[in-house]
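Throughout, read-outs are computed from the coordinates displayed, never taken from laboratory work. Remember, predicted model here, so these are calculated numbers, not experimental data. All Cβ positions, glycine included, derive from the backbone under ideal geometry; neighbour counts span all protein chains shown.
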Amino acid sequence: MAEKAEIGVTGLAVMGRNLARNLARHGHRVAVHNRTEARTRSLVEEFGSEGDFLPAYSAQEFVDALERPRRLVVMVKAGGPTDAVIEEFAPLLEPGDMIVDGGNAHYLDTRRREKALRERGIHFVGTGISGGEEGALNGPSIMPGGSAESWEALGPLLTDIAAVAEGEPCCSHLGPDGAGHFVKMVHNGIEYSDMQLIAEAYDLLRSGLGKKPAEIAETFRKWNEGRLDSYLIEITTEVLAHTDADTGKPFVDIVLDQAEQKGTGRWTVQTALDLGIPVTGIAEATFARSLSGSAGLREATEGVLPGPERKALTGAEADGFADAIEEALFASKIVAYAQGFNMIQAGSAEYDWNIDLGAVARLWRGGCIIRARFLNRITEAYAEDPALPTLLTADYFRDALAGAQTGWRRVVAEAARLGIPAPGFSSALAYYDGLRAARLPAALIQGLRDYFGAHTYHRTDRSGTFHTLWGGDRTEVEP
Ligand code: NBP
């Protein structure tokens with residue numbers, strides 16, 4: 001009988017196909033399967049020479065092709081298709097076998113599936129995979145959840161195909177059940193925020209300074225040589241420098257300005273609301289996409305709502321403004337990451353995942369879409385103090401914010417004056433100032449709540465719960 005495969009991949013669209021090739025290129029014997037046979041055939045026909053593939057054309061054939069305990073990676077469309085595939089394969093598996101869901105599942109679905117399969121003796125390993133098509137092939141960032149036992153069997157294989165950053169694989173076990181998919185969800189939320197901030201910087205350079213896309217590409221290229229060095233800034237230079245072949249116009253001018261989303265940003269915000277964690281950077285980025293896509297609303301308001309005429313700054317007003325935009329971008333990015341890490345901390349506490357935040361920063365350094373030089377700084381911050389309440393107070397980030405804030409404030413003020421929307425920059429600054437404030441106007445909100453709803457309040461000068469008799473003689477009582 002033919003030698004069995006170490007691992008199998010079912011779902012051979014872009015991600016699954018490239019992940020299977022990545023495994024095979026690393027010398028692993030890989031069973032491959034897809035609902036529609038043609039994808040399996042084409043993978044073997046086109047790339048069969050890259051490694052040891054074992055094509056399977058039925059679920060039973062696929063399961064039989066795997067050595068025990070079986071390691072079965074599912075790379076299908078998240079949601080119903082994942083449940084359908086689990087239902088198809090689980091009855092064919094035996095206790096101790098593993099199903100790895102590498103799709104973008106919601107972490108609550110992963111928790112549900114893990115629990116149900118655990119009762120059947122099967123390990124279900126929700127695994128976040130980032131890096132898109134290219135990453136899946138050449139080394140993604142891999143965020144596995146699931147049991148410690150399954151990590152023992154899967155760790156070496158996943159680590160083998162992951163990206164490597166500074167000699168370390170971008171893959172580590174993050175915690176049980178939904179931990180991996182939770183971290184992947186927040187990763188995607190941060191990705192939304194990063195892109196929104198980059199877009200705002202572009203808009204301010206263009207409308208605020210009158211620069212052309214090709215010039216702005218050069219500005220980003222220069223920024224990418226400094227502390228903003230990251231994959232997203234790098235590809236921003238590519239997209240901005242690109243010219244549309246049909247019209248000869250800058251590519252960015254012929255693309256419809258309505259940003260789409262597949263839902264992970266929305267999930268991050270919804271979850272953050274449930275956990276009570278202010279991820280304002282991600283929320284603003286998600287809502288900014290919704291606003292851009294509100295075609296009817298934008299049509300009804302464009303040219304109707306009054307505001308300042310968009311006029312580029314000139315002379316002394318323009319002096320140093322590009323540098324200030326870089327500062328606003330860096331400072332707002334720090335805030336967005338600090339919020340994202342606080343959210344992971346809160347999720348970890350809520351579900352007892354015990355996620356190592358330093359490990360998260362380490363595995364985002366390579367392979368994934370938000371890979372960036374400054375993740376090293378986050379790793380260092382958590383290495384120094386794993387219980388850091390916020391990244392903002394870590395030495396490097398506190399100093400960076402101190403140095404950037406004059407420019408950051410100038411950009412937010414100028415954006416408001418010129419009528420250029422900068423929700424990411426301004427909400428990040430408001431969050432920063434909110435945290436710095438010795439007193440917040442929340443005291444007034446508590447007073448109002450007590451007035452209309454007798455919701456009570458606490459006092460600053462003594463303990464207890466109080467209510468003022470607003471409709472009566474306004475004496476204070478302790479209900
Ligand atoms: P898609 O998300 O486009 O899914 C297509 C695959 O799902 C095909 O193999 C298809 O089989 C299979 N499938 C569907 Br649809 N319904 C099925 C069912 N009921 N039973 C069995 N198979 C079914 O593929 P992708 O873009 O490669 O992404 C795979 C996963 O990875 C997704 O969860 C995605 O969110 C995640 N992800 C994608 C990226 C990216 O950059 N694209 C990055 C990170 C994560 P068929 O060939 O028979 O139709």
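Quick notes
- All positions within segment 14-42 that are among the hydrophobic types (A, V, I, L, M, F, W, C) and either assigned to a loop (DSSP other than H, G, I, E, B) or surrounded by 15 or more Cβ atoms within 10 Å (Cβ to Cβ) (or both): Met15, Leu19, Ala20, Leu23, Ala24, Val30, Ala31, Val32
- Each residue in segment 129-145 was checked for being in a loop (DSSP other than H, G, I, E, B) and either crowded, with 24+ Cβ neighbours inside 10 Å or within 11 Å of the ligand (Cβ to nearest atom) (or both), and 3 of them qualify.
- Listed by position, the helices (runs of 4 or more DSSP H) enclosed by segment 258-305 that each have at least 2 residues that are closer than 20 Å to Ser426 by Cα are 264-275, 280-293.
- Scan of segment 20-43 for residues that are near the ligand (Cβ under 9 Å from one of its atoms) and either of a type in the set (Gly, Ala, Ser) or within 29 Å of the chain's Cα centre (by Cα) (or both), ordered by number: Asn34, Ala38
- Meets criteria (touching a residue at least 12 places away in the same chain (Cβ under 8 Å), closer than 21 Å to Val279 by Cβ and either among the hydroxyl-bearing types (Ser, Thr, Tyr) or in contact with a helix residue (DSSP H, G or I) (Cβ under 6 Å, 6 or more places away or on another chain) (or both)) for Tyr432: yes
- Residue in segment 117-128 that is under 22 Å from the mean Cα position of the chain (by Cα), within 16 Å of the ligand (Cβ to nearest atom) and more than 13 Å from Asp101 (Cβ to Cβ) present: no
- Scanning segment 76-108 for residues that are within 11 Å of the ligand (Cβ to nearest atom) and part of a helix (DSSP H, G or I) returns Gly80, Pro81, Thr82, Asp83, Ala84, Val85, Ile86, Glu87, Glu88, Phe89.
- Residue within segment 186-202 that is acidic (Asp, Glu), without any contact (Cβ under 8 Å) to a residue 40 or more places away in the chain and within 30 Å of Ala413 (Cβ to Cβ) present: no
- Scanning segment 84-94 for residues that are over 21 Å from Lys4 (Cα atoms) and surrounded by fewer than 16 Cβ atoms within 10 Å (Cβ to Cβ) turns up at least one hit.
- Of Leu54, Leu72, all but one fail to be assigned to a strand (DSSP E or B), more than 15 Å from the ligand (Cβ to nearest atom) and of a type outside the set (Ser, Thr, Tyr); the exception is Leu54.
- Residues (more than 30 Å from Gly139 (Cβ to Cβ), assigned to a helix (DSSP H, G or I) and without any contact (Cβ under 8 Å) to a residue 40 or more places away in the chain) located in segment 109-120: Arg112, Ala116, Arg118
- One residue alone among Leu54, Leu72 is more than 33 Å from the chain's Cα centre (by Cα) and either of a type outside the set (A, V, I, L, M, F, W, C) or within 21 Å of Leu154 (Cα to Cα) (or both), and that residue is Leu54.
- Single residue of segment 46-77 satisfying the filter (surrounded by 21 or more Cβ atoms within 10 Å (Cβ to Cβ) and touching a His at 6+ places or on another chain (Cβ under 8 Å)) that is nearest to Pro144 (Cα to Cα): Phe62
- Scan of segment 244-264 for residues that are out of contact with any Lys or Arg (no Cβ under 7 Å at 6 or more places or on another chain), surrounded by 10 or more Cβ atoms within 10 Å (Cβ to Cβ) and not charged (D, E, K, R), ordered by number: Thr247, Pro250, Phe251, Val252, Ile254, Val255, Gln258, Gly263, Thr264
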